[in-house]
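Undergrad: The structure follows.
The values are calculated or read from the model by the stated rules, or taken from the named source; none is laboratory data. On a predicted model such as this, the values are computed, not experimentally measured, just so you know. Positions of Cβ are backbone-derived with ideal geometry, glycine not excepted, and every protein chain shown enters the neighbour counts.
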Amino acid sequence: MDIVSTFFNIDVLVRYMPLLLEGLWRTIALGFLSIVLGLIGGLVLAMGRLYGAAPIRFLVIGYVDVFRAIPVLVWLVIVYYALPFLGIRLSPFASAATALTMISSAYTAEIYRAGIEAIPRGQFEAGQSIGLSTFDLMRDVILPQAIRIVVPPLTNNSINVMKDTALASVVAMPDLLKQATQAQALAANPTPLIGAAILYLILLLPLVRLVAVFEKRLGRSARR
Amino acid sequence: MAKIEDKPIIQMRGVTKRFGKFEALKSVDLEVATGEVVVLLGPSGSGKSTLIRCINLLETYEDGEIIVDGIRVEEGRALRQVREEVGMVFQAFNLFPNLTVLDNVALGPVRVRKMSWDAARKRARTLLERVGIGEQADKYPIQLSGGQQQRVGIARALAMEPHILLFDEPTSALDPEMVGEVLDVIRGLVDGGTTMLLVTHEMGFARKIADRIVFMEAGEIKEIADPDIFFTNPSSERARAFLDAVLNH
Ligand SMILES: Nc1ncnc2c1ncn2[C@@H]1O[C@H](COP(=O)(O)OP(=O)(O)O)[C@@H](O)[C@H]1O
Ligand SMILES: [Mg+2]
């Protein structure tokens, strides 16, 4: 057997493409949901960290530290295999979404915090001096400015979350990777794995490029 | 001069502010009458900014009390009420770069006074006309000169119709040729009956507009005087030395 028919076997690829695409949609759904929930969760955590009462601040600091330290796979396995002992039984999809969201929130919280802290103090003071509430100050003044700072690292984090969805195959979620390994076993040929890798690249390469563009643009405007 | 009523609109009693161990304000007492224009003078680091920033609680203080319009200035419920009544103009302008000039001015009335954007923008235009930059309304702050930006800063403060205006060195960040246009706007406010506390290094201007001069040094009020008396015959040695330094160089 030559390299091409082993790794790039078109027949195999075509036969198993529907299986792979099914996995791809699940991967996208899981990644998208976890990213969005992580963006919201992180914002809530960042607000608690910056403006909450002392006990809330310490809770958030603890949460962020723990979930940045724990390996994603370990936490995912705990959510799926250990929580049922507490009577909490989640589907593979729900387990993966929960685990990814909780960890992503810890990272986005730190990104938001850094972004908000990068806004000059005078902006907060000017907003306060006209009587804005903390909520209005954030919505109208601080976050619109912080967004420019946080978009590149948030996009980076989103890429990581999207990549980490592959770990869900461990808890039997039929995501892109799981479908590919299954197809590989059925076909007795590794082409589906290569196909999956290419689909991951098609999904993520544009995002990687996007971050580069953001960073270049931000660097330019910072220099101005 | 505007008519000054007797009732003090600001009362500071024994206000002490510490940064760590350092005392930036040492038991400061000051009363300001409604409609009065008070200019704070003193060497750099004497606590002028700290004093006026305590009035709208941009700085918290450790001891004493501040009463503004009958409301105790402290954290909590009353704080936003005080901030609605007290406008502030900053040395560094601190305009919101993400909003147009017009919306910088309209934001406060919309969010705090619950005015509609339409009504607030209409009023904002009037205010911008009043400070002489009506034609800049739809630009962003970064597109304006320093003097124009500071006039937006003043319009933004005025939009809340404050009873008290605080100015912290409003012209110190400006190129010399733009100082005049901002001082003109401030002078125009003097007769409007708004109580004003102004920190400035523009001595001629201070003498012209002040009802009283408050001279500070090392966190203390060393002298409170009528401007003509202060500039010709200050009672404290410290004030004399300060005037010597600023007027003869
Ligand atoms: N955030 C701060 N932290 C520590 N020290 C401060 C802070 N702000 C002001 N100070 C100190 O308090 C003193 C008074 O400052 P300030 O009120 O700004 O003086 P002024 O406005 O008269 O120049 C100065 O010695 C200054 O160094
Ligand atoms: Mg100062």
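Undergrad: Looking at region B:154-183, which of its residues are in contact (Cβ under 8 Å) with a residue 40 or more places away in the chain and more than 16 Å from ligand 2 (Cβ to nearest atom)? Steps first, answer last, please.
TA: Residues of region B:154-183 that are in contact (Cβ under 8 Å) with a residue 40 or more places away in the chain, as a first pass: B:154-160, B:162-170, B:172-173, B:181.
Correct list: B:ILE154, B:ALA155, B:ARG156, B:ALA157, B:LEU158, B:ALA159, B:MET160, B:PRO162, B:HIS163, B:ILE164, B:LEU165, B:GLU181.
Undergrad: Follow-up question, since we're still on this one. Kindly evaluate A:VAL161 against the criterion of being modelled with pLDDT of 95 or more, under 20 Å from the mean Cα position of the chain (by Cα), more than 9 Å from every other protein chain (Cβ to nearest Cβ) and part of a helix (DSSP H, G or I). Don't jump to the end; show me each part of the working.
TA: Details: modelled with pLDDT of 95 or more: yes; under 20 Å from the mean Cα position of the chain (by Cα): yes; more than 9 Å from every other protein chain (Cβ to nearest Cβ): yes; part of a helix (DSSP H, G or I): yes.
Yes: the conditions hold for A:VAL161.
Undergrad: Which ones in region B:58-95 are part of a loop (DSSP other than H, G, I, E, B), modelled with pLDDT of 90 or more and more than 14 Å from ligand 1 (Cβ to nearest atom)?
TA: Taking region B:58-95 as the starting set, the residues that turn out to be part of a loop (DSSP other than H, G, I, E, B) are B:58-62, B:69-70, B:73-76, B:90-95.
This time we only want the ones that are modelled with pLDDT of 90 or more, so: B:58-62, B:90-95.
B:PHE93, B:ASN94, B:LEU95, listed by residue number.
Undergrad: Report, by residue number, each residue of region A:87-106 that is of a type outside the set (A, V, I, L, M) and either surrounded by 20 or more Cβ atoms within 10 Å (Cβ to Cβ) or under 22 Å from A:LEU176 (Cβ atoms) (or both). If you could, list the steps in order and put the result at the bottom.
TA: Step one: of region A:87-106, the residues of a type outside the set (A, V, I, L, M) are A:87, A:89, A:91-93, A:95, A:98, A:101, A:104-105.
Result: A:SER91, A:PRO92, A:PHE93, A:SER95, A:THR98, A:THR101, A:SER104, A:SER105.
Undergrad: Report whether or not A:ARG139 is more than 14 Å from chain B (Cβ to nearest Cβ), assigned to a helix (DSSP H, G or I) and without any contact (Cβ under 8 Å) to a residue 40 or more places away in the chain.
TA: Details: more than 14 Å from chain B (Cβ to nearest Cβ): no; assigned to a helix (DSSP H, G or I): yes; without any contact (Cβ under 8 Å) to a residue 40 or more places away in the chain: yes.
No.
Undergrad: Check off (1) more than 16 Å from ligand 2 (Cβ to nearest atom); (2) touching a strand residue (DSSP E or B) at 6+ places or on another chain (Cβ under 8 Å) for B:LEU198 and give me the number that stays unchecked.
TA: Tallying (1) more than 16 Å from ligand 2 (Cβ to nearest atom); (2) touching a strand residue (DSSP E or B) at 6+ places or on another chain (Cβ under 8 Å), B:LEU198 fails exactly one: (1).
Undergrad: Now for a different question. Is one or more of the residues making up region B:41-49 within 16 Å of ligand 2 (Cβ to nearest atom), closer than 29 Å to B:LYS208 by Cβ and either part of a helix (DSSP H, G or I) or within 14 Å of chain A (Cβ to nearest Cβ) (or both)? Before you say what the answer is, go through the steps one by one.
TA: So in region B:41-49, the residues within 16 Å of ligand 2 (Cβ to nearest atom) come out as B:41-49.
With closer than 29 Å to B:LYS208 by Cβ added as a condition, the list becomes B:41-49.
So of that shortlist, the ones also either part of a helix (DSSP H, G or I) or within 14 Å of chain A (Cβ to nearest Cβ) (or both) come out as B:48-49.
Among the residues of region B:41-49, at least one is within 16 Å of ligand 2 (Cβ to nearest atom), closer than 29 Å to B:LYS208 by Cβ and either part of a helix (DSSP H, G or I) or within 14 Å of chain A (Cβ to nearest Cβ) (or both), which makes the answer yes.
Undergrad: Among B:VAL38, B:VAL68, B:VAL32, which is closer than 20 Å to B:PHE167 by Cβ, touching a Leu at 6+ places or on another chain (Cβ under 6 Å) and among the aliphatic types (A, V, I, L, M)?
TA: Numbers: B:VAL68 fails: touching a Leu at 6+ places or on another chain (Cβ under 6 Å); B:VAL32 fails: touching a Leu at 6+ places or on another chain (Cβ under 6 Å).
Exactly one of B:VAL38, B:VAL68, B:VAL32 is closer than 20 Å to B:PHE167 by Cβ, touching a Leu at 6+ places or on another chain (Cβ under 6 Å) and among the aliphatic types (A, V, I, L, M), namely B:VAL38.
Undergrad: Which of (1) basic (Lys, Arg); (2) within 16 Å of ligand 2 (Cβ to nearest atom); (3) at the interface with chain A (Cβ under 8 Å from one of its Cβ atoms) does B:ARG80 not meet, given it meets every other one?
TA: (2)
Undergrad: Looking at (1) among the hydrophobic types (A, V, I, L, M, F, W, C); (2) within 14 Å of another protein chain (Cβ to nearest Cβ); (3) surrounded by fewer than 19 Cβ atoms within 10 Å (Cβ to Cβ), find the lone condition where A:ALA172 falls short.
TA: All conditions are met except number (2).
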